[in-house]
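Trainee: Please read through the structure below; I'll follow up with questions.
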Amino acid sequence: MRKIGIIGLGMASAPHARSLQDLKERVQVKAAFSPSAQRRKAFAETYGFALADSADAIFSDASIDAVLLLTPPNTHLDLVRRAALAGKHVLLEKPLEISLKRAEDLVAVAENAGVKLGVVLQHRFRPISTALAGLIREGRLGDIVSASARLYNWRPQSYYDQPGRGTRARDGGGVLLTQAIHTLDLMISLAGLPVEVTGYAATSPVHRMETEDLAFAATRFEDGGIGAISATTSAYPGIPDAVDIIGTKGMARIEGAKMIAHFHDGTEEIVNDGALGGGAGADPMAFPHHHHRAVIEDFLDAIEGDRDPAVTGREALKVHRLIAAILRSSETGERAEV
C-alpha cells in the first residue's frame with residue numbers, strides 16, 4: 001500500500017480527500033498539514049486522516065512515497081523542490097506556478113530528481129473527454145480544421161475579496177490560469193497546441209481585482225486550423241464550459257456533462273457523463289469527486305508501473321504556454337507565438 005502526505009487543506013482539498021477515502025485499499029494518508037491549526041482540526045474531524053504539525057515532518061518521513069500539494073500556486077516551486085530532494089513523487093494541483101518561467105523551473109526540478117510529477121487537470125479523465133479523444137484517434141471526425149473553447153463562469157465579488165485571490169503574487173493571474181486552464185488543457189489534449197494567438201484580456205467593471213476576468217483569443221494551429229477561446233468569471237449565473245472540434249467528416253461538442261458528435265454520413269454519437277466537471281456558478285467546488293479520483297488512480301498506477309502519469313509536468317506546460325501567449329498578445333497588441 002502506498003503512503004501519501006497532503007500539504008494544503010483549503011478549498012481544493014475536499015474532492016481529493018473524498019477520493020482518497022474511496023481508495024483506502026490502495027493508499028494510506030499518512031499525514032496532512034496546513035499552516036492553519038483551524039484547518040487541520042476541521043480536516044481531521046471531517047475525513048479522519050492523521051495530521052502532521054509541519055511540512056518538514058512529511059518531507060522527512062521516509063515511509064511516505066508521495067506528496068499531494070494543494071497549496072497556493074506561488075508556493076509550488078519551493079515545495080516541489082523539497083519533495084524532489086526527499087525523493088518523493090508529487091501530485092500537484094493546477095496551475096504549475098504563477099509564471100511560465102517558474103513553471104518550467106518546477107518541471108525541470110522534478111525531472112532532474114527522477115521523481116514523478118502528476119498535475120491535477122481532471123477534465124481529461126471525464127468519460128465524455130475520453131470518448132471524444134477516441135473518436136479523433138479513430139479518424140471519425142476526419143482532419144481537424146477548428147478547435148475552440150468557452151468558459152463562462154460566475155464568481156461574485158466575495159470570491160475575489162479573499163486575501164490573495166486573483167492576484168499576480170499569489171495566483172499568477174485571473175480567469176485564464178485559475179478557471180479556464182482546465183478547459184484549455186482539454187482542448188489542447190484533443191486538438192494539439194495552437195502555434196499563434198491574438199488575444200485580449202481585461203478586468204471588467206463586474207469585479208474589483210488585480211488580474212483579468214475577461215479573455216478572448218483567436219488561435220491558429222500548425223496545420224492551418226483556426227479557433228476561438230473565450231473565458232470569463234463575470235457571466236451570471238454561469239453556464240457549463242464547452243469545447244468544439246470541427247473536422248472534415250463531422251463535428252463534436254463537449255458541453256457540461258455531455259458529448260455529442262454529428263458525422264457527415266448522418267450518424268451521431270452521444271455520451272453523458274452524469275456529473276459536471278466544475279462549478280460554473282458561485283460555488284466553485286460544486287461538482288462530484290469522480291474525476292479527481294481518476295487522477296489519483298492514474299498517479300498511483302504510474303508509481304506502481306514505473307511510467308509517466310497521464311498529465312506530466314511537461315504536458316501541463318503546454319496550457320501554461322498558451323495562456324502566457326494570450327496575455328502577452330493582449331499586452332503588446334500584436335500576435336504572439338505560443
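Read the figures in this text as sums done on the coordinates, not as results from a lab. None of these values were measured; they are calculated from a predicted model. Quick reminder, even Gly has a Cβ in these numbers, built from the backbone with ideal geometry, and neighbours come from all protein chains shown.
Trainee: Summing Lys, Arg as +1 and Asp, Glu as -1, what charge do residues with Cβ under 9 Å from the Cβ of residue 249 carry, residue 249 excluded?
Mentor: Neighbour charge sum, excluding residue 249 itself: -1.
Trainee: Could you give the dipole magnitude of segment 2-121 about its Cα centre, charging the beta-carbon of Lys and Arg +1 and that of Asp and Glu -1, in debye to the nearest 20?
Mentor: Taking the Cα centre of segment 2-121 as origin, the dipole is about 200 debye.
Trainee: Okay, next question. Through the Karplus equation 6.51 cos²θ - 1.76 cosθ + 1.60, θ set to phi - 60°, convert the phi angles of segment 287-297 into ³J(HN,Hα) values in whole Hz; use x for Gly and Pro.
Mentor: Taking θ as phi minus 60°, the curve returns 7, x, 9, 4, 6, 5, 4, 5, 4, 5, 4 Hz for segment 287-297.
Trainee: Assuming a ≥ b ≥ c are the square roots of the Cα gyration tensor eigenvalues, decide whether segment 149-217 counts as rounded (a/c under 1.5), prolate (otherwise, with a/b larger than b/c) or oblate.
Mentor: The shape class here is prolate.
Trainee: Between residue 236 and residue 11, what is 0.36 nm times their sequence separation minus the Cα-Cα distance? Round to one decimal in nm.
Mentor: 78.8 nm
Trainee: Let me ask you something else. When the chain is fully extended, how far beyond the present Cα-Cα distance does residue 262 get from residue 248, taking 0.36 nm per residue of separation?
Mentor: The span from residue 262 to residue 248 would gain 3.9 nm if fully extended.
Trainee: Next question. Highest GNM mean-square fluctuation, the chain, Cα pairs closer than 10 Å: which of 261, 217, 44?
Mentor: Of the options given, 44 has the highest mean-square fluctuation.
Trainee: Given Cβ point charges of +1 (Lys, Arg) and -1 (Asp, Glu) and nothing else, what value in debye, to the nearest 20, does the dipole of segment 57-145 about its Cα centre take?
Mentor: Charge dipole of segment 57-145: 180 debye, to the nearest 20.
Trainee: Can you give the FRET efficiency for residue 26 and residue 308, using 1/(1 + (r/R0)^6), R0 = 25 Å, r = Cβ-Cβ distance, to the nearest 0.05?
Mentor: Here the calculated transfer efficiency is 0.85.
Trainee: Which residue, 197, 107, 224, has the largest displacement toward the positive end of the dipole of the chain when charges sit on each Cβ (Lys, Arg +1; Asp, Glu -1)?
Mentor: Selected residue: 107.
Trainee: Could you work out the helix-only [θ] at 222 nm for the chain, with each DSSP H run of four or more residues adding -39,500 (n - 2.57) and the total divided by the number of residues, to the nearest 500 deg cm²/dmol?
Mentor: Value at 222 nm, helices only, nearest 500: -10000 deg cm²/dmol.
Trainee: Sort segment 2-121 into rounded, prolate or oblate with this rule: let a ≥ b ≥ c be the square roots of the eigenvalues of the Cα gyration tensor; rounded if a/c is under 1.5, and if a/c is not under 1.5, prolate when a/b is larger than b/c, oblate otherwise.
Mentor: prolate
Trainee: Another question, if that's okay. If packing is taken as the average number of other Cβ atoms within 10 Å across a peptide's residues, how do 182-188, 133-139, 62-68 rank, most packed first?
Mentor: 182-188, 62-68, 133-139
Trainee: Taking the chain as a Gaussian network, where each spring joins two C-alpha atoms under 10 Å apart, which residue of 146, 158, 204 fluctuates the most?
Mentor: Among 146, 158, 204, the largest GNM mean-square fluctuation belongs to 158.
Trainee: Using the beta-carbon distance between residue 200 and residue 42 and R0 = 41 Å, what value does 1/(1 + (r/R0)^6) give for FRET efficiency, to the nearest 0.05?
Mentor: The value I calculate is 0.50.
Trainee: Where the centre of each part is set by its Cα atoms, how far does segment 48-86 sit from segment 106-133, in angstrom?
Mentor: 19
Trainee: Taking only Cα atoms, what is the 0 to 90° angle, nearest 10, from helix 181-191's long axis to the longest principal axis of the chain?
Mentor: Taking the Cα atoms of the chain, the angle to 181-191 is about 60 degrees.
Trainee: Right, here's the next one. Using mean Cβ contacts within 10 Å as the protection proxy, how do 167-176, 193-202, 325-334 order, highest first?
Mentor: Result, highest mean first: 167-176, 193-202, 325-334.
Trainee: Relative to the present Cα-Cα distance, how much length would full extension add between residue 169 and residue 269 at 0.36 nm per residue of separation?
Mentor: My answer for the length gained is 31.5 nm.
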